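First comes the structure, then the notes that go with it.
The values are calculated or read from the model by the stated rules, or taken from the named source; none is laboratory data. All values derive from a computational prediction rather than experimental measurement. When we count neighbours, we look across all protein chains shown, and the Cβ atoms used for this are built from the backbone with ideal geometry, even at glycine. For the accessible areas, the whole protein counts, side chains as well, though only heavy atoms, and no ligand, DNA or RNA atoms are used. Shrake-Rupley method; radii C 1.70, N 1.55, O 1.52, S 1.80 Å.
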Amino acid sequence: MPKAVITGLGAVCSAGWGMDDCWEAAVQGRSGTGRLDMVEVGDEDCQVAAQVPARDGNGYESSVFRLLDFYRFAEAEALEHAGLDRNALVSNQRARVVVASHGFAWKSDEFAAASRGEKVDGHDLSLHFRQPVESAHQLIGGDFGDRYSGVGTACSAGLVALLEAGEMVRSGLADIVIAGGVETAIKEAMVTMYSRLGALTTLNDTPETASRPFDVTRAGFVGGEGAAMLVIESEKSAEARGVTPLAELAGYGTAVSTAHITAGSVGGEIQALSMQRALDNAGAGIADVDYINMHGTSTPDNDLSESEGVLRVFGDAAPPVSSTKGVTGHLLGAAGAIEAAFSVMAIRTDTLPPTANLNEVDPRCKLGDYISGSARHTPCSGVLSNSFGLAGSNASVFLRQL
Amino acid sequence: MRAFVDASAKIGFGDPYELNRRELVPFRHDRRCIGDFEFLTLACFKELLGAEGQMEGRRCGLYFAGAKDTMRLDAELHEYLADKPDRVAALTQFSEELNPLVALEWLTNIGLYLAVKEGIDCWRHTQYINHSHSDHSAVAAAVRDLSIGAVDVGFAVVAIAGPRFDEVPEKVGAVGVRIVAQGDNEAGDVFEVVSRPQPELLLEMQSAHSVVGHGSALAIELPVNEPVGS
C-alpha cells in the first residue's frame, strides 16, 4: 500500500496569516482571542472570539468572500510549500481536493436576531444553519469537478478531510490531494446557538485567557475562524518530484458515539476507540507516540472525557499532551486541519507547544503531563491528533517522522 | 477498483410511500420536508442494513451524501417564516418535537443515530456536502475503503427532501446501496461509477442492482485514472 506523506502546509487563524505566524503563536502560547467585534450578539453570555485580523486593512463584502480568502490563502501557501502549481493539478486526473467546513458562513443571522430576547434555545436555532453551502464549495473546488469532495462531520470534519485524503492516496485513487478545512464561524447565529447550548466560554473579562483547556476554571470554548490546508501525496509522487516529505500521515481512525448531543462518551470510551484505531491503522503502539495534540476545547466535558479516553489507551504511559485551542480558539470544521499542521510542525522542529492559559490542571483530568507555560523542546517523531464532533463524530490521526 | 453492490433500496422518487411510520425513530417530525427527510434517510438505511444481526462482526463504513435540495430546505424555511407575524413563535412551532440530534448535521447524525441504535460497528463515517455530485463521493469512498480493507461493508446513501413545503415532487426520495468487496457475478456486466448530477448515480445503481435481482451482487467499477504526464 502506498505511503501517504505530507509535503505542504498553509494556515491562517486569529494568531496570524501564514503557517509560520500561526506556529510561532502556538509555540509561544500567544492567544489570538479578543473582544467579539465582528458581529453584534446582544447580551449573549459569550462576548469574545478568536477573529482573524484584517489583511491589508480591508473588510469583506460577505462571509462567503471571507471564507474564500481564508481558503485561497491557505491553499496557495500549502501548494507553494509543496512546490506545486494549482493549474497543473486541475488538469491532473490524479490530483484531488477535500475541504471540510462546518457550514456556518451563511445567512442565518437573522434567525438568531429574531430570537434575541426570546425563549428559543440553541437546539431550535441549529435548525437553520445549513444555508446553501454549494456556492462556496463550487468556488473552492468546482474546477476539480468530481475530484473535489466537501466534508461535513461537525467539529471533526477537518481531520476527517485528512483521513479522506490519506485513504485516496493509499488506495491508489490519487497521487496528490489538497486537504484541510476552512471556517468563518464567528456569526451571530453560531454565537447564539453555542452560547445557549452552554458550550461557549463566559470568561469575557479577560478575552486573551478565555480559552484555557484543561484548566480547573475553564468555562467553554472560544469560537475561532481560519483555514488550514495540507498537501497529502504518495511517497512515490514526492520522490518523483524531488520533494522531501514533512511527515507521514501514517494512520487514522474514527469512532461513533451518539450518547448525547453535545457530551462525549462516558469515560472517554469512544474517543479511546478512535485513538486506538488510528494507532492500529498505522501499525504503531503507544510507545511510538511522543505527543498528543488534544481536541481540548476548553469545555468542562470534552477536556475531561478526552483525558479519560487517553488514559484508557495509554494508562500510565501517556505522553505529554496539549491543546493549541488556547491560542487559536476552536476553528470548528477547520480545527482538525490546523491542529494536524501543528502536529507536523512539532515533528519537524522537535517542539511541543504548550496549552495556553493553563494555570491549574483540573484535578479530574488525570493525565500526568499537560504541557503548560512554555513550549517543550524534545525529540518528537510520532504525534497523535484528535478531533471530536458534536453528536459523536470522533476522529484521530497518527503522524510519523519519515 | 472493483466492488459489489449486494443490496439496494429506494424510497420515494416517484414511488408512493407512507409517511407516518413513527416506529423508525422516536422523534420524527410531522412537517413535510423535515419529516420526509428523516423518514427517507432512516427507512432507506434500515432497509440496507438487512435482517437483525446481519452486520454483526462486520466493520461498517457510512457514507452519506448531503443534498442541494436539502440545503434549499433552509431557504424554503426562510420563505415560510418571512410572512409570519411572529417568526419566533413560528420557528418554535416548526421545531416542536424535533430532536436536536437530527438538527445539527442532518444526514450524518441521522445515520449515526441509527447505526448506534442498530449496534453496527462504524469504522468510517463521512457526510459529503459538495452538492452537484456528493452521491458519487459517497460511492467512491465506499469502494476505496473496501479496496484497501479499511471496512468490510460500506453504505452509500443520499436523501433529498423538499424542495417545497406544499408539494411532493418526483425528486423527493432516498436511495442507497450496500457495497462489499466480494460478489457473485465476476463475469457479469460491470456498472461504471462515474459522477453525474446527483442523485442519478445512486438511482441508476439501484436500478441496475434490481435487475440483477435481490440476493445477487452487481459488480461496480471505480475508474482509476492514469497520471497525466508520467
Express in Å², to the nearest 10, the accessible area of residue B:220 obtained by rolling a 1.4 Å probe over the protein heavy atoms while all chains stay in place. 0
Please list A:388, A:65 in order of solvent-accessible area, largest first, computed with a 1.4 Å probe with all protein chains present. A:65, A:388
Give the accessible area for residue A:208 in Å² (nearest 10); use a 1.4 Å probe, count only protein heavy atoms, and leave out ligands, DNA and RNA. 90
Counting only the heavy atoms of the protein chains, how much of residue A:358 is accessible to a 1.4 Å probe, in Å² to the nearest 10? 10
With a Förster radius of 35 Å, plug the Cβ-Cβ distance of residue B:192 and residue A:402 into 1/(1 + (r/R0)^6) and report the FRET value to the nearest 0.05. 0.45
Excluding ligands, DNA and RNA, the carbon-plus-sulfur percentage of the accessible area of region A:269-336 with a 1.4 Å probe reads 48
Value of relative contact order over chain A, rounded to a whole percent, pairs C-alpha under 8 Å and six or more apart: 25
Could you report the buried accessible area between A and B, both sides summed, computed with a 1.4 Å probe and given in Å² to the nearest 100? 4900
Determine which residues of region A:66-81 fall in the zone a paramagnetic label at residue A:88 would reach in this model, i.e. backbone nitrogen under 16 Å from the point 7 Å along Cα→Cβ. A:76-81
Mean per-residue count of partner chain Cβ within 10 Å for A:164-171 equals 5
Per-residue counts of other Cβ atoms within 10 Å, averaged by peptide: what ranking do you get for A:42-48, A:91-97, highest first? A:91-97, A:42-48
For region A:1-38 and region A:288-312, write down the distance between their C-alpha centroids in whole Å. 20
Give me the Å³ per residue figure for the convex hull around the C-alpha atoms of region A:178-301. 162
Quick one: compute the contact order of region A:146-249, relative version, from alpha carbon pairs under 8 angstrom and 6+ residues apart, as a percent. 30
Which sequence of A:239, A:77, B:204, B:192 reflects their accessible areas, 1.4 Å probe, from the largest down? A:239, B:192, B:204, A:77
Over the whole of A:250-257, what's the average partner chain Cβ count within 10 Å per residue? Rounded to a whole number, please. 4
Sort region B:176-224 into rounded, prolate or oblate with this rule: let a ≥ b ≥ c be the square roots of the eigenvalues of the Cα gyration tensor; rounded if a/c is under 1.5, and if a/c is not under 1.5, prolate when a/b is larger than b/c, oblate otherwise. oblate
Of A:236, A:3, A:366, A:325, which has the most accessible area and how do the rest follow, probe 1.4 Å? A:236, A:366, A:3, A:325
Net lengthening on full extension, residue A:202/residue A:35 (0.36 nm per residue, minus Cα-Cα): 58.9 nm
Could you compute the FRET efficiency for residue A:236 and residue B:181, with r as their C-beta to C-beta distance and R0 at 30 Å, rounded to 0.05? 0.75
Holding the Cα-Cα limit at 26 Å, pick out from A:325/A:366; A:3/A:325; A:187/A:325 the pairs that are longer than that. A:3/A:325
So what is the 222 nm mean residue ellipticity for chain A from helices alone, if each DSSP H run of at least 4 adds -39500 (n - 2.57) and you divide by all residues, rounding to the nearest 500 deg cm²/dmol? -10000 deg cm²/dmol
What are the extents of the Cα atoms of chain A along their three principal axes, in Å, largest first? 60, 49, 38
